[in-house]
Amino acid sequence: MKAITRLICTAPPSCLLTRSYSLTPSSLIHDFTNFCFQRDLSKSMQAMDAMQRHGIRADSITYSELIKCCLARGAVREGKLVHKHIFSNRYNSETFLTNSLLGMYVKFNLLKEAQKLFDEMPERNVVSWTTMISAYSNAKLNDRALKLLILMLREGVKPNMFTYSSVLRACDGLSNLRQLHSSIMKYGLESDTFVRSALIDIYSKLGELQNALHVFHEMVTGDSVVWNSIIGAFAQHSDGDEALNIYKSMKREGFPTDQSTLTSVLRACTSLSLLELGLQIHVHVLKFNQDLILNNALLDMYCKCGSLEDANFIFSRMVEKDVISWSIMIAGLAQNGFSLEALNLFKSMKVFGPKPNYITILGVLFACSHAGLVNEGWYYFQSMKKLFGIDPGREHYGCIIDLLGRAGKLDDAVKLIHEMKCEPDAVTWRALLGACRVHRNLDLAIYSAKQILKLDPEDAGTYVLLSNIYANSQRWEDVAEVRKTMRGRGVRKEPGCSWIEVNKQIHAFILRDNSHPQIHEINRKLSQFIHTLIGVGYVPDTNFVLQDLEGEQRADSLQYHSEKLAIVFGIMSISREKTIRIWKNLRICGDCHAFAKLITKIENRHIVIRDPVRYHHFKDGVCSCGDYW
DNA sequence: CGTTCGTCGA
């Protein structure tokens, strides 16, 4: 065998030290292999080059090691060179090896190169197809992913669990999953945990929670990820109760919980306003104190449960903060009535933080609108494109219409609606309607209400409000018409409901529902309070013209508003030094707001009420919203 | 050689 000059090694790999320095083709292969396994990219590349010049072919295992080496270094150019060598050495029919190359291109995010290679491959097995499908699913090119699955089936390649768990990610937007689900069953793959969690997740994304639950319940041998999927499904669809129940079963059955579980559980606490449970979960979170997503969920929980001291503490202690952390904190401050602090935080974000996104700006505009900062809000709205490269969307317009409307600039608000680049939706008009309520503009209120009902014919509150306005103007025919439409469409107003957590129990107070065991005592106490408050200047506000309360609920029901009952119950059952926290489904009315302010003064209490839009911190007879909500 | 689950909004 002809000896060849040593070209590559300046120092031989340690395993070669005992060998002669004269190189043979087999020793060159040996060196190449060693460099590859040592992940020494530049020497491997030189060795590969030398072998090529001497017409020596390395084995496919070594090439696949070299691909791993390129991947580890992020060496795109070298990877492409390896690709060339593999093909010139006629390895392109070694599917194992070409699949490695395919995987490399996908990991480098070079989908075009991957597709080209895929098209040129003489043989494509299930791994080749799955690699491409997974690449397109990840890139959210759903159509391509689904199309590949069809082509694959047409070519007679049998998909496996890898294929389905990948392709399912590309199925949001699909009208139904029946066909796909039954082919999974046909291949007997539904019991695979990867497939099961992907199925649960996609059913959840399509809003088909019952189907998700069905897939979950058919599970025989479980897996934490499957549990996480179903808990996440309910948490994301605001069914915190069910999410927490499943979490309890998960623990009972002994499955380990991880960051993902806790994130969803915290989200459930957030949507149910369960501060006490959230505090308990916080203890478990400490085990994962470096997890950004989990910390964000914790931060959001404290903001949305109205505990800003805790939120501030978490925010200041987080090692890593991303745009979501900042957005949560800015919106959280604003919703809790600390608009100026929110804007200050935004200013420091611009200096020290990440680039704001669409949602961050929304929080900033919300802060301006709830603090009455017309000029500042308008400035951010006008310049958001220039300053942050974000085009104002429908939601931003909603905020700014709210801002103008609250400030009494109804004409400007209307003008802006007509100038919007995107079509106004029901939420846009609802912002204007809210302003009409505050500033008692009946004609414009009627107009906005009609626009809302065109876009959202199910909106019970708007029907009731419209009918109240007509009744107030004695337009009885119009009242009858609205009522008729409402009945015809089967729309019913959701009753006002307030919740309060006492001793880890949630107590619900629903308008005209007397099922609470202590309801008589609560009512008696409430009457006493009202009597006392009238003595210090409280005047029950019975003007419902621009409220969306049902007519028949008006006359005597003021004192039975669910939040008043919850407040009284809270005073009765929560110790004095603790904050009374209430969560309700409708926005607080002016009368209850006045009631809450006064009662914190005479009872020396701290009350936080969370409504669907923001938080009211009542203390010493004043509210953090400054009566501006 | 290819797979599943978690955070911010009017």
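The values are calculated or read from the model by the stated rules, or taken from the named source; none is laboratory data. Quick caveat: nothing in here was measured; it's all calculated off a predicted structure. All Cβ positions, even for glycine, are placed from backbone atoms using ideal geometry, and neighbour counts span all protein chains on display. Heads up: the accessible areas ignore ligands, DNA and RNA and are worked out on the full protein's heavy atoms, side chains in. Shrake-Rupley method; radii C 1.70, N 1.55, O 1.52, S 1.80 Å.
Ranked from largest, the principal axis spans of the Cα set of the stretch A:497-623 equal 38, 32, 31 Å.
Relative to one another, the C-alpha centroids of the stretch A:377-447 and the stretch A:102-166 are positioned 46 Å apart. So how tilted is helix A:308-317 from the main axis of chain A? Cα-based, degrees 0 to 90, rounded to 10. Relative to chain A, helix A:308-317 is tipped by roughly 20 degrees. Once the Cβ-Cβ distance of residue A:319 and residue A:143 is raised to the sixth power relative to R0 = 60 Å, the FRET efficiency obtained is 0.90. When you restrict to C-alpha pairs under 8 Å that are six or more residues apart and normalise by the size of the stretch A:288-424, the relative contact order lands at 17 percent.
Taking θ as phi - 60° and the Karplus parameters 6.51, -1.76 and 1.60, the scalar couplings of the stretch A:426-436 work out to 4, 5, 4, 5, 5, 4, 5, 4, x, 5, 4 Hz in sequence order, x denoting glycine and proline. Here the contact order of chain A, divided by its residue count and restricted to Cα pairs under 8 Å and six or more residues apart, works out to 6 percent.
Taking a Cβ cut-off of under 14 Å around residue A:121, the surrounding Lys, Arg, Asp and Glu residues balance to a net charge of -3, with basic ones at +1 and acidic ones at -1. Beyond 19 Å in Cα-Cα separation lie the following of the pairs A:578/A:601; A:140/A:355; A:385/A:421; A:525/A:584: A:140/A:355; A:525/A:584.
Model label sites at residue A:587 and residue A:175, defined 7 Å from Cα along the beta-carbon direction, differ in position by 3.8 nm.
What ranking of A:525, A:504 comes out by heavy-atom accessible area, probe 1.4 Å, highest first?
Solvent-accessible surface, decreasing: A:504, A:525.
Taking Cβ atoms as reference points and 13 Å as the exclusive limit, the residues near residue A:244 contribute a net charge of 0, counting Lys and Arg as +1 and Asp and Glu as -1.
Length available on full extension from residue A:483 to residue A:109: 0.36 nm per residue minus the Cα-Cα distance, which gives 128.8 nm.
Fully extending the segment from residue A:237 to residue A:442, taken as 0.36 nm per residue of separation minus the present Cα-Cα distance, adds 70.2 nm. In degrees, nearest 10, range 0 to 90: what is the angle between the Cα axis of helix A:394-406 and the longest Cα principal axis of chain A? Helix A:394-406 sits roughly 20 degrees off the main axis of chain A.
Stretching residue A:290 away from residue A:382 to a fully extended chain increases their span by 29.4 nm, per 0.36 nm per residue minus the current alpha-carbon distance.
The calculated FRET efficiency for the pair residue A:252 and residue A:508, based on their C-beta separation and a Förster distance of 22 Å, comes to about 0.30. Taking every C-alpha pair closer than 8 Å and separated by at least 6 residues, the mean separation divided by the residue count of the stretch A:466-528 gives a relative contact order of 17 percent. Highest-first packing order for the peptide set A:219-228, A:426-435 is A:426-435, A:219-228, based on the mean count of other beta carbon atoms within 10 Å.
Along the stretch A:321-336 the Karplus relation, 6.51 cos²θ - 1.76 cosθ + 1.60 evaluated at θ = phi - 60°, assigns HN-Hα couplings of 10, 10, 4, 5, 4, 5, 5, 4, 5, 5, 5, x, 4, 5, 5, 8 Hz to successive residues, with x for each Gly and Pro. Estimated from helical segments only, the mean residue ellipticity of chain A at 222 nm is -19500 deg cm²/dmol, where each DSSP H run of four or more residues counts as -39500 (n - 2.57). For chain A, the share of DSSP beta bridges that are antiparallel, to the nearest 5, is 80%. Ordering A:273-284, A:311-322 by mean Cβ neighbour count within 10 Å, with the highest value first, yields A:273-284, A:311-322.
Based on the alpha-carbon gyration tensor of the stretch A:359-426 and its eigenvalue square roots a ≥ b ≥ c, which shape applies: rounded if a/c is under 1.5, prolate if not and a/b is larger than b/c, or oblate? The shape class here is oblate. Taking 7 Å steps out from each Cα toward its Cβ at residue A:40 and residue A:283 produces label points 5.5 nm apart. For the pair the stretch A:498-542 / the stretch A:35-74, the C-alpha centres are spaced 77 Å from each other. Local charge for residue A:137 was computed over the other residues whose Cβ lies under 14 Å away, with Lys and Arg +1 and Asp and Glu -1, and equals +2. Per-residue SASA remark: residue A:366, around 30 Å² accessible (1.4 Å probe; ligands, DNA and RNA not included).
For chain A, would you read off the P(r) tail past 43 Å as a percentage of all alpha carbon pairs?
41
The label-point distance for residue A:54 and residue A:183, in a model that sets each label 7 Å from Cα toward Cβ, rounds to 5.0 nm.
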